[in-house]
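Below you'll find the structure, written out as structure tokens, and then a few comments.
The values are calculated or read from the model by the stated rules, or taken from the named source; none is laboratory data. Values in this document were obtained by computation on a predicted structure and should not be read as measured data. Positions of Cβ are generated from backbone atoms using ideal geometry, with glycine treated the same way; all protein chains shown enter the neighbour counts.
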Amino acid sequence: MTDGYTNGQPPAEGEPHIVVRNLTMAYGSFVLMRDLNFTVRRGDIFIIMGGSGCGKSTLLRHLIGLKEPATGEIFYGNFNFTRASLAERERLLRRFGVLYQGGALWSSMTLAENIGLPLSQFTDLTPAQIREIASLKLAFVGLKGFEDYYPSQISGGMQKRAGLARAIALDPEVLFFDEPSAGLDPVSSRLLDDLILELRASLGATIVVVTHELASIFTIGNNSVFLDAETRTMAAAGDPKELREKSTNPHVHQFLTRGEPIMESSGNA
Amino acid sequence: MSAINPNVQTATRHGAYSIEHAPDATLVVHLSGEWHLRRDLPSADEVARELASRPAPRRVTFDATALGRWDSGLVAFLTQIHELCHRRGISEDRSGLPAGVRRLLDLAEAVPEKQGARGSVRRPGLFTRVGEAVIRHGENAADGLAFVGDLTLAIGRLIGRAARFRYVDLAQNIQDCGPSAVGIVTLISFLVGVILAFMGAVQLQQFGASIYVADLVAIGMLREMGAMMTAIIMSGRTGAAFAAQIGTMKVTQEIDALTTMGISPFQFLVLPRLIALVLMMPLLCLYSDLMGIMGGAFVGVTMLNLSLPNYLRETIAAVTLTYLAIGVVKATVYGALIAIAGCMEGFRCGSSSSAVGDAATRAVVRSIVMVVVACGIFAFITNILNI
């Protein structure tokens, strides 16, 4: 196997960056999704969308190696992630950043230590330099001055932003977001969207977002895959704005246009 | 009906209905009174009987002119009627119902029942359950082996100086496993010494050999009880804490975050805990030995009229370095077992808050079982070696 990706540069802008082939996801004998085939190009903001419980987050866990495919393969550039050894995988993972749903900050460490941990593990920077960089990343997400707070001392929205600061600690090539706007108010969620666009522009990173927020999907996404819970496979792939106009699949159309308004429930007379 | 029930104000009437056979094989359900969940609701049995009677009605209509206020209690009642009608192919005319009720009924019927949703919660048969239990035990054993394998790799990394963890975490764990446990170890060990002394004294006094209480307590503490009591305290105190800490990190995805950072959670979380406990257990065991001997001396001096110098001289004569070493080696092994059990249960923790509690419980049970089994093996080995 050629190891062009792990040692070399990521693919050029617009080239395939993440390629998923015939992926089947299963919990034991229960098949969650089958036959997923899609390509994320370098520089895309790629949306994984679909109804609740259809397997969006599970797909993300497959992409970052936390779950193994039942069948099928995942490639990063020409690097076969599914068949890679643990050491090769670890090396590749260091070039990813992941923002988990609840932030998943390490609760026994301060924010600066959270961001500093990957830096201290994988770089030769001095503690003073690491502290400096941690402050900078916190400043990016609007948390300057919170270096010595513990995760439990800040609000949920702030934890999420701090999680993002940690995800971008090592200037990743691929950023994964699991439900970034879950639990955020509309304004914060909008700010996070702006931040994602900013990161995409400044880091040149490929970004994969799991979400079902239509506002986010249309604002930031330029490519997507739609997982259909009923047929247990993908129903569409492509630019979400085009899918909204052109998709003939009723589920996709319904999802992207919020379907028909449900009849209002009534109280008693 | 409401007049009978003293809890209800007499001004409002309970929900009730009556049934009337209209021409055209039509059944009219007259609804009256207040239909509230918090009051008694009439059962639909009477309607069911009428619908089942011969000749079967072809149509059901409702009359709500006498209906007072209502809530979802009424809707639940009407849903029951709907299902009965549906099953028997009887048509329903809801035009007599208030508009709000009709809308709620439509809402309840908007999404058809998912096929198979009920079937999956049915209790599986005996064979299925036995089979699943066997598979589960097999998986547990496989998990255990995988954990030991991972641990071996991590220790290999540690020896090769390639292991990644923070020395701050190690220091914190040493603090938690060692100095913080001194208080409880003092109390328990002193009392165990007292108990050993009393047990021995009852028999030895009969022969006028009370002074041998000192030998009994010293050898008992050094060889067995010091290590064992420390292990039991530490499995309840530290083993459970390890499982709960790691389990919580799993629930909050902190472990996932480590993995996707390319940091092995195994090295990062297990090694500092294992090292800390393995370093602290022998020290705690020595301390426990000392406290036990003091407990014995307390009984000897205050109850058995032995002099303190005599008691201590007898103790020193009884103690050998071999006994001390056996206890310390045991304590080290127990420490490793407790750390392994605690961390392993933490990693196997499910993803809910109750799973964290289960993990802590299993960690304590598992570590105590392992410690006792190891103690038996030690007894066997020392017997063979004649020490």
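Structure above, values below:
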{"quantity": "Test: A:PHE140 is more than 10 Å from every other protein chain (Cβ to nearest Cβ) and either acidic (Asp, Glu) or closer than 14 Å to A:GLY163 by Cα (or both)", "calculated": "yes"}
{"quantity": "Out of A:PHE79, A:PHE96, sole residue that is at pLDDT 90 or above, buried (at least 18 other Cβ atoms within 10 Å of the Cβ) and among the aromatic types (Phe, Trp, Tyr)", "calculated": "A:PHE96"}
{"quantity": "Residue in segment B:204-226 that is farther than 30 Å from A:LEU117 by Cβ, buried (at least 17 other Cβ atoms within 10 Å of the Cβ), out of contact with any helix residue (DSSP H, G or I) (no Cβ under 7 Å at 6 or more places or on another chain) and not hydroxyl-bearing (Ser, Thr, Tyr) present", "calculated": "yes"}
{"quantity": "Matching entry among A:GLU173, A:GLU198 (being without any contact (Cβ under 8 Å) to a residue 60 or more places away in the chain and either crowded, with 18+ Cβ neighbours inside 10 Å or under 20 Å from the mean Cα position of the chain (by Cα) (or both))", "calculated": "A:GLU198"}
{"quantity": "Segment A:102-126 - residue that is facing another protein chain (nearest Cβ under 7 Å) and within 21 Å of the chain's Cα centre (by Cα) and, of those, nearest to B:GLN172 (Cα to Cα)", "calculated": "A:TRP106"}
{"quantity": "Single residue of segment A:144-164 satisfying the filter (among the small types (Gly, Ala, Ser) and within 16 Å of A:LEU117 (Cβ to Cβ)) that is surrounded by the fewest Cβ atoms within 10 Å (Cβ to Cβ)", "calculated": "A:ALA162"}
{"quantity": "Within segment A:160-269, strands (runs of 3 or more DSSP E) holding 2 or more residues that are of a type in the set (A, V, I, L, M, F, W, C) and within 14 Å of chain B (Cβ to nearest Cβ)", "calculated": "A:174-178, A:206-210"}
{"quantity": "Considering residues of segment B:233-255 that are of a type in the set (Val, Ile, Thr) and farther than 16 Å from B:VAL182 by Cβ only, the residue nearest to the other protein chains (Cβ to nearest Cβ)", "calculated": "B:THR252"}
{"quantity": "Selection count where residues are basic (Lys, Arg) and within 30 Å of B:LYS114 (Cα to Cα), scope segment A:214-245", "calculated": "2"}
{"quantity": "Residue match in segment B:343-362 (condition: in a helix (DSSP H, G or I), over 24 Å from B:PHE266 (Cβ atoms) and among the aromatic types (Phe, Trp, Tyr))", "calculated": "no"}
{"quantity": "Search result, residues across segment A:114-143 that are outside any helix (DSSP H, G or I), of a type in the set (S, T, N, Q) and surrounded by 13 or more Cβ atoms within 10 Å (Cβ to Cβ)", "calculated": "A:THR123"}
{"quantity": "Pairs with Cβ under 7 Å, 6+ apart, first in segment B:82-100 and under 20 Å from B:ASP24 (Cβ atoms), second surrounded by 12 or more Cβ atoms within 10 Å (Cβ to Cβ) and hydroxyl-bearing (Ser, Thr, Tyr)", "calculated": "B:ASP93/B:THR61; B:GLY96/B:THR61"}
{"quantity": "Sole residue being outside any strand (DSSP E or B) and either touching a Cys at 6+ places or on another chain (Cβ under 8 Å) or more than 30 Å from A:GLY183 (Cα to Cα) (or both), chosen from A:ALA104, A:ALA87", "calculated": "A:ALA87"}
{"quantity": "Residue within segment B:268-288 that is of a type outside the set (Asp, Glu), in contact (Cβ under 8 Å) with a residue 12 or more places away in the chain, outside any helix (DSSP H, G or I) and farther than 26 Å from A:GLU179 by Cα present", "calculated": "no"}
{"quantity": "Residues located in segment B:87-103, provided they are within 29 Å of B:SER53 (Cβ to Cβ) and within 10 Å of another protein chain (Cβ to nearest Cβ)", "calculated": "B:PRO98, B:VAL101, B:ARG102"}
{"quantity": "Residue under evaluation A:LEU59, criteria (1) away from every other protein chain (no Cβ under 12 Å); (2) modelled with pLDDT under 90, criterion not met", "calculated": "(2)"}
{"quantity": "For A:ILE74: the one exception among (1) more than 8 Å from chain B (Cβ to nearest Cβ); (2) in a helix (DSSP H, G or I); (3) touching a helix residue (DSSP H, G or I) at 6+ places or on another chain (Cβ under 7 Å)", "calculated": "(2)"}
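Table: residues versus (1) buried (at least 24 other Cβ atoms within 10 Å of the Cβ); (2) of a type in the set (S, T, N, Q); (3) free of Cβ contacts under 8 Å to residues at least 60 places away in the same chain; (4) closer than 26 Å to B:ASP289 by Cβ.
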{"residue": "B:ILE316", "(1), (2), (3), (4)": "no, no, yes, yes"}
{"residue": "B:THR320", "(1), (2), (3), (4)": "no, yes, yes, yes"}
{"residue": "B:VAL364", "(1), (2), (3), (4)": "no, no, no, yes"}
{"residue": "B:MET370", "(1), (2), (3), (4)": "no, no, yes, yes"}
